[in-house]
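A.B. asks: To start, I am sharing the structure in question, which I have written as C-alpha cells.
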Amino acid sequence: MAESCHSRSLSWLVKPCIPSDPNRHFSTPSPLRLVSQPTTPATTIADLPDDLLLECLSRLPATSLPPLPLVCRRFNRLLNSDSFAFLRRRLGLLNHSLIALSVSLDLSLLSSAILRLHPSDSNSGMSPELDGWTFPLSVTSDNFSHARAVSTGRFVYLIGRSMMLRSDVWTRSVAICAKPVFPRKKFAAAAIGGRVYVAGGSSRTSAVEEYDPETDSWRIISDAPCRRYGCVGATTANGIFYIAGGLKLSGTQNTLDARTCAGSIDAYHIASGTWLRTHSGSITTVPAGGCILGACGIGDMLYIMASHALEISFWRWNGEVSTLSIRGGGNNGRWDRLKPPPVPGQVGTGLRFSCTAVGPNKVAAVVHASAVRGRVAAGAVNGALLVYDVPSGEWSYGPYILPESRRTSCVAVEC
C-alpha cells in the first residue's frame, strides 16, 4: 500500500504538467484589449423640442429674461411666441403692471418705472417690484416733451412729435421705430388689436393714422370730423377709438381759429372704418360742460376725468356699438357720475391726468401739475398716482412715480 503511493509511481501524472520550455511558463502575460463601444453624445438644452424648451424657459424669473434673445435666434423666436406668454400667464408669472415713462427735465434721458398690481393688497394694490431702465436722448431734442404712450402686448410705444420709441418691458430693450406721417403735439393716441392709432395735435391735418408693428409703417386710414389740439385718446373692447377734449382748429395754418370742444368726444369704429355720430355731430359730450383731462377704457366702458372750474369730476360712459348710430340720430349712451379723485393740492386749470386701465377693474391716473401764467397749482405734486377700484368705487393713493420729470405717460402691460 505504501509502495504504491510513492511519488515515483505518480511521475507519469506530474510530467505532462511541466512544460518542456520553462521560459514559456514565466512569460509576461499580454494585456487585455478592450473593445470600444460607440459613445452617445451628451444631450443639451438646445436638443430639446420646442414644446419642452418653452416649458423650461417660461419658468425663468423676470430678471433672467433680458439676455434670452441674445443667446440664439431660436430663443428669440420662442420668446416672441404666443405660447411663451400663455405659459407664463398660466404659471402666474405675468401680472398686470403699470409702466410709467417720462423724460428728464433736461430732455437728455428717458426713464421708466414698473409697478405691479396686487389684487390682495387692501391699500392701492400697486407697489414697486421691478427696477426701471433708462435710455439716453438727444439733449437738443424736444420730441418727447408732450409724448403719448400706448402698449400692445409686452411692447410700449412712446410717440413724440416726430419720433417714436418702442420699449420691450420683458427684455428692457429700446428701439427707434418709424415716425408718424405728420408731426403732432398734444394729440390722442391709443392701441387696439395690436395696432397703434393717433389723431389730432396738428394744425395741418385732421388725418387719423394707424401703425402696424409687423411692417413698422404708418398709414392714413381716415379724416377726423374736426382738427383737435390738446386732446386725449382711448379705446374700448368693442373696437372704438375715442378722441376727446381739446381745442377745435379751423382755417389755414396762417389764419387758424381755435374754438373750445373740451367736453366733446369723437368716436371711430375701426372694424367698419366709420365715425359714430349723433345729430349734434360728436358722439357725446361730458355732462355739465366739463373739460376732459384724461380718458381710458375698460371693457366697453369709457372712463373720463373732467374739470369743472375748481373741482374735478369722474365719469363712466356706456356707449355700446349696437345702440349708437353711424349716420346720426342714434342713442348717445349713458353717463354715470362716479366718486371724484382725491387730487392733492389746489385744483386749477394747470392739472392734467395720464389715465390708463390696469387689469379688468382698476383705473390708474398720474397727476401732472403744469404752470399756468407762470404759477403751478398750490400743493400739487408731479407724479402723484391715484388708483380707482371699479368694484368698490373707491380711490386710493399709490406711490409717487418719477416726480423729477417733465411729464409722465403711463400705460398698462403684463410682465
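The values are calculated or read from the model by the stated rules, or taken from the named source; none is laboratory data. Note that this is a predicted model, so its numbers are computed, not measured. All Cβ positions, even for glycine, are placed from backbone atoms using ideal geometry, and neighbour counts span all protein chains on display. Areas reflect the complete protein model, heavy atoms only, side chains present, ligands, DNA and RNA absent. Shrake-Rupley method; radii C 1.70, N 1.55, O 1.52, S 1.80 Å.
A.B. asks: Sorted by mean Cβ packing within 10 Å, highest first, what order do the peptides 96-102, 233-239 take?
C.D. replies: Going from most to least packed, we get 96-102, 233-239.
A.B. asks: Applying 1/(1 + (r/R0)^6) with R0 = 35 Å to the Cβ-Cβ distance of Asp51 and Arg337, what FRET efficiency is obtained, to the nearest 0.05?
C.D. replies: 0.10
A.B. asks: Quick one: with all protein chains in place, what share of the accessible area of region 194-252 is carbon or sulfur, to the nearest percent (1.4 Å probe)?
C.D. replies: After summing per-atom areas, the C and S share lands at 45 percent.
A.B. asks: At 1.4 Å probe radius, can you tell me the per residue accessible area of region 152-228 in Å²?
C.D. replies: On the way: 2860 Å² over 77 residues.
Accessible area per residue, region 152-228: 37 Å².
A.B. asks: Exactly which trypsin sites (Lys or Arg not before Pro) in region 182-229 are in a DSSP loop and have at most 13 other Cβ atoms within 10 Å?
C.D. replies: Sites meeting the loop and neighbour criteria: Arg204.
A.B. asks: Moving to a separate point now. Net charge within 10 Å of Ile220 by Cβ-Cβ distance, Lys/Arg positive one each and Asp/Glu negative one each, not counting Ile220 itself?
C.D. replies: My count for the surroundings of Ile220 gives -2.
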